[in-house]
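Undergrad: Structure in structure tokens, see below.
Just so it is clear, none of the values below were taken in a lab; they were calculated from the coordinates. Since the structure is predicted, the reported quantities are computational estimates derived from the model, not experimental observations. All Cβ positions, glycine included, derive from the backbone under ideal geometry; neighbour counts span all protein chains shown.
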Amino acid sequence: MRGRAVIATLDVPTLAVVTAAVFTSVSAILILVYFTRQVYAGFGHWVLWQLCLIAGALVFAVRGPDPSALAVILTNALLLSSSALLFSGLTRFHSLYTSRVPDLANYALVAIAVAAQGFFASAAPDLDSRVVIYSLTQAVLLARCALEPLRLPAIRRSLSFLLLSAVLLVLVANNLHHAWLSAQPGPVMELESNPKIRLALLLVVVFDVVGAYCLLLQTGERLEAELRRARQDIETLARTDSLTGLWNRRHFEDMIEVEIARSQDEGSPLSLLAIDADYFKRVNDRFGHHTGDAVLRELTDLLGQQIRERDVLCRWGGEEFIILLPATDRDEAAALAGTIRNAVAGYGFTAIETMTVSIGVGLILADETAEDWLRRVDSALYDAKQNGRNQVAVSETPNRMAS
């Protein structure tokens, strides 16, 4: 009751000035962010949104109880344009449309509404008609701001936009209520003394602050998302071989521990292939490193065609590759190694026509460390090369797996 009494003592022009002061404070914050922080497309439209609200509130405050047609047109043009600018900012910020037609449709609606306001302010003065036109136009513009971005799944997951949407829908309901009241038969609404106008101004003040805060939160959410993607990209680059696009040694050293733990938990076999391109130094010496790089990329593609999606293919270094084979026993790994050896030997490389590979094969044993396993498979690869290359050598260690 005391709150209502306080509201009743404030005249509408005073409340309009207070509203403009709040809008100015919010604008100052947005302008400061605009010029001192990274902002995205559409943020400038949000600044203009606030500036139009300031100007519209000030004109409304000083125009008096019997405003001229020019004051009516200017007030409505500023306040309705502010909502159109908010929509433009949202669509640009979220890349909602590739065409500017939706924006232009809003500004066309504003132009029609302002023209109608001018008509009912001068040619056929009718305050109720002006209120209906303004309220319905504002409701349409704010409803578009609240609902159209929700077509994008990512926006539906943004709590800050959902809050903004709720705020805007409350304002839509308020405007529709005003339009309905003005359309009812009875005495003409008095803007200067109507308590509903006072309440509407207070709602606009509160919701403007909340709305601006939500817009800043959306900017922060987008920046955080970009930082997360940047960190993920950096991590991927740190684990990827730049020449072949394969996982590198660092990634393999992490994955081997993961797969060993999984193999032990599931009691499934885990095998490893170590592959080395035979006489690759001769390729670089004869054809140059550029050709050698092209051959390694071709070999990468060929190896990738022979393995399963769950297998882990990495470039170990130089012309050496390594393949981690989950759920694969020693015989299956040896058979795959033979398939790879035959595929490489029968492939026609672009620059050098033919090339062969030597492959070492090993199955991890119970309680064997990754380091010991790698050393054993590397020893098998060494045997394959010592025995004449273009061969597959399987570790002679007994085939034992943890139960």
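Undergrad: Using a 10 Å cut-off on Cβ atoms, rank the peptides 263-273, 143-153, 233-243, 319-329 from the highest mean neighbour count down.
TA: Going by the mean number of other Cβ atoms within 10 Å, highest first, we get 319-329, 263-273, 143-153, 233-243.
Undergrad: Each residue of the range 81-86 in order: what ³J(HN,Hα) in whole Hz does its phi give by Karplus 6.51 cos²θ - 1.76 cosθ + 1.60, θ = phi - 60°, with x for Gly and Pro?
TA: Each residue of the range 81-86 in turn: 5, 4, 5, 5, 5, 4 Hz.
Undergrad: Return, for the Cα atoms of the chain, the radius of gyration and Dmax in Å, separated by a comma.
TA: Every Cα atom of the chain included, Rg and Dmax give 35.7, 107 Å.
Undergrad: How large is the helix-only mean residue ellipticity at 222 nm for the chain, computed as the sum of -39500 (n - 2.57) over DSSP H runs with n ≥ 4, divided by its residue count, in deg cm²/dmol to the nearest 500?
TA: -22500 deg cm²/dmol
Undergrad: Obtain the nm distance between the two label points defined at ALA327 and ARG286 by a simple spin-label model: each point lies 7 Å from its Cα along the Cα-to-C-beta direction.
TA: The two pseudo-label positions are separated by 4.2 nm.
Undergrad: Roughly how big is the chain's charge dipole about its Cα centre, with Cβ charges of +1 (Lys, Arg) and -1 (Asp, Glu), in debye to the nearest 20? Spell out each step's value before the answer.
TA: Numbers: 35 positive and 42 negative charges, 335 e Å.
The calculation lands at about 1600 debye.
Undergrad: In addition: For the chain, what's the relative contact order in percent, using C-alpha pairs closer than 8 Å and at least 6 residues apart? Don't jump to the answer; show the numbers that get you there.
TA: On the way: 556 pairs, mean separation 49.0, N = 403.
The normalised contact order for the chain reaches 12 percent.
Undergrad: Let me have the relative contact order for the range 2-235, percent, based on Cα pairs under 8 Å that are six or more residues apart.
TA: 23 percent
Undergrad: Another question about this same structure. Each residue of the range 126-133 in order: what ³J(HN,Hα) in whole Hz does its phi give by Karplus 6.51 cos²θ - 1.76 cosθ + 1.60, θ = phi - 60°, with x for Gly and Pro?
TA: Running phi through 6.51 cos²θ - 1.76 cosθ + 1.60 with θ = phi - 60° gives 7, 5, 4, 5, 5, 5, 4, 4 Hz.
Undergrad: Which far-off residues, 5 or more places away or on another chain, put their amide H under 5 Å from the one on THR356, with H placed in the peptide plane?
TA: Correct list: ASP278.
Undergrad: In addition: Along the Cα→Cβ direction, 7 angstrom out, place labels at PHE35 and ALA343. What is the inter-label distance in nm?
TA: So the label points at PHE35 and ALA343 sit 6.2 nm apart.
Undergrad: Per Stokes-Einstein, at 37 °C and 0.692 mPa s, what whole-number D in µm² s⁻¹ belongs to the range 39-91, with the Kirkwood radius over Cα pairs as the hydrodynamic radius?
TA: Translational D for this selection: 287 µm²/s.
Undergrad: If packing is taken as the mean number of other Cβ atoms within 10 Å per residue, what is the order of 366-373, 330-337, highest first? Could the numbers behind the result be given before it?
TA: Details: 366-373: 13.2, 330-337: 19.5.
Highest-to-lowest ranking by the protection proxy: 330-337, 366-373.
Undergrad: State, as an integer percentage, the relative contact order of the range 249-394 based on alpha-carbon contacts under 8 Å between residues 6 or more apart.
TA: Answer for the range 249-394 is 30 percent.
Undergrad: Taking the Cα-to-Cβ direction at ARG389 and at LEU227 and moving 7 Å from each Cα, how far apart do the two end points lie in nm?
TA: With each label point 7 Å from Cα toward Cβ, the separation is 5.2 nm.
Undergrad: Using the per-residue mean of other Cβ atoms lying within 10 Å as a proxy for protection, in what order, highest first, do the peptides 52-59, 247-254, 97-104 fall?
TA: 52-59, 247-254, 97-104
Undergrad: By how many nm would the segment from THR350 to ARG156 grow when fully extended, if each residue of separation counts as 0.36 nm and the alpha-carbon distance is taken off?
TA: Details: separation 194, 0.36 × 194 = 69.84 nm, distance 5.04 nm.
Gain in length upon complete extension: 64.8 nm.
Undergrad: Using the Karplus curve 6.51 cos²θ - 1.76 cosθ + 1.60 with θ = phi - 60°, what ³J(HN,Hα) values do you get for each residue of the range 99-115, in whole Hz, with x for Gly and Pro?
TA: 9, 8, 4, x, 5, 4, 4, 5, 5, 5, 4, 4, 4, 5, 5, 5, 4
Undergrad: Find the centroid of the Cα atoms in the range 271-317 and in the range 28-58, then give the distance between the two in whole Å.
TA: Measuring centre to centre over Cα atoms gives 56 Å.
Undergrad: Now a separate question. Taking a point 7 angstrom from the Cα of ASP293 along the C-beta vector, which residues in the range 234-253 have backbone N less than 12 Å away?
TA: Hits in the range 234-253 for ASP293 at 12 Å: 242-245.
Undergrad: Lys/Arg Cβ at +1, Asp/Glu Cβ at -1, dipole of the range 2-235 taken about the Cα centre: which of ALA20, TRP46, THR98 is farthest positive-ward?
TA: THR98
Undergrad: Ok, one more. Report the percentage of all Cα-Cα pairs in the range 2-235 whose separation exceeds 32 Å, rounded to a whole percent.
TA: So the portion of pairs separated by more than 32 Å is 22 percent.
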